[in-house]
Amino acid sequence: MTRSALVVGATGIQGSAIARQLVEQGWALHGLSRTPGAQPGVSPVAADLLDPAALATALHGIAPTHVFLTSWLRMATEAENIRVNAAMVRNLFDALRPAGSVRHAALVTGLKHYLGPFEAYGKGSLPQTPFREEQGRLEVDNFYYAQEDELFAAAGQ
């Protein structure tokens with residue numbers, strides 16, 4: 001059986017690296033971005049994660065078993081980062097839900113997951129390095145936490 005994936009943010013640094021690896025391993029691959037570029041072995045999907053109707057239309061008929069989410073948007077404040085980036089994850093999984101095909105999703109986060117958002121970056125009590133997945137969340141608002149929460153909510157439906 002061919003494994004199929006949707007890489008969200010496929011033209012970014014992380015997304016393009018993931019896409020390249022999956023193509024080399026023989027995956028059937030769709031790459032979602034607002035402005036897709038040509039990538040060998042990747043079927044491009046143009047969509048804005050903040051437009052639920054257009055996203056649902058763009059993903060109609062696509063049934064990935066795996067989703068790799070590497071996309072986020074920087075806003076003026078962390079409160080806006082949380083609102084916008086949570087909505088992007090929620091909209092994505094709402095659009096994929098009708099196909100009922102997703103078995104695994106990976107959310108790619110960065111150093112801000114462990115050191116906090118831009119406004120609080122590296123301030124206060126910091127976790128010990130090396131950073132580990134089992135470390136608890138920092139006591140600050142963080143858009144990566146909102147993305148995780150939306151992913152967990154989607155997994156529970």
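The values are calculated or read from the model by the stated rules, or taken from the named source; none is laboratory data. Only a predicted model underlies this, so the values are computations on that prediction, with no experimental measurement involved. Cβ: placed from backbone, ideal geometry, glycine included. Neighbour counts: every protein chain shown. Surface areas here come from the heavy atoms of the whole protein model, side chains and all, with no ligands, DNA or RNA. Shrake-Rupley method; radii C 1.70, N 1.55, O 1.52, S 1.80 Å.
Have a look at the DSSP beta bridges in the stretch 4-110 and tell me what percent are antiparallel, nearest 5.
Roughly 0 percent of the beta bridges in the stretch 4-110 run antiparallel, per DSSP.
Build a GNM of the chain with springs between Cα atoms under 10 Å: which of R83, R103, R20 gets the top mean-square fluctuation?
Per the Cα network of the chain with a 10 Å cutoff, R103 tops the list.
Amide H to amide H, which residues 5 or more places from A105 or on other chains are under 5 Å from it, using H placed in the peptide plane?
Amide H neighbours of A105, under 5 Å, 5+ apart: V67.
Out of the total accessible area of the stretch 4-110 (probe 1.4 Å, heavy atoms of protein only), what percent is carbon and sulfur?
Carbon and sulfur: 57 percent of the exposed surface of the stretch 4-110.
What label, among (1) 0.98; (2) 0.93; (3) 1.16, belongs to Rg/Rh (Cα atoms, Kirkwood Rh) computed from the structure on display?
Correct label, based on the coordinates given: (1).
Take every Cα pair under 8 Å in the stretch 1-100 that's 6+ residues apart, average their separations, divide by the length, and report that relative contact order as a whole percent.
Relative contact order for the stretch 1-100 comes out at 29 percent.
Could you give the accessible area per residue of the chain, probe 1.4 Å, as a whole number in Å²?
Per residue, the chain has 55 Å² of solvent-accessible surface.
Based solely on its DSSP helices, what 222 nm [θ] is calculated for the chain when runs of n ≥ 4 H residues each add -39,500 (n - 2.57) and the sum is averaged over all residues, nearest 500 deg cm²/dmol?
Taking each H run of at least 4 residues, the total per residue is -11000 deg cm²/dmol.
Just to verify a number: FRET efficiency for E24 and E133, C-beta to C-beta distance, R0 = 35 Å, to 0.05?
0.85
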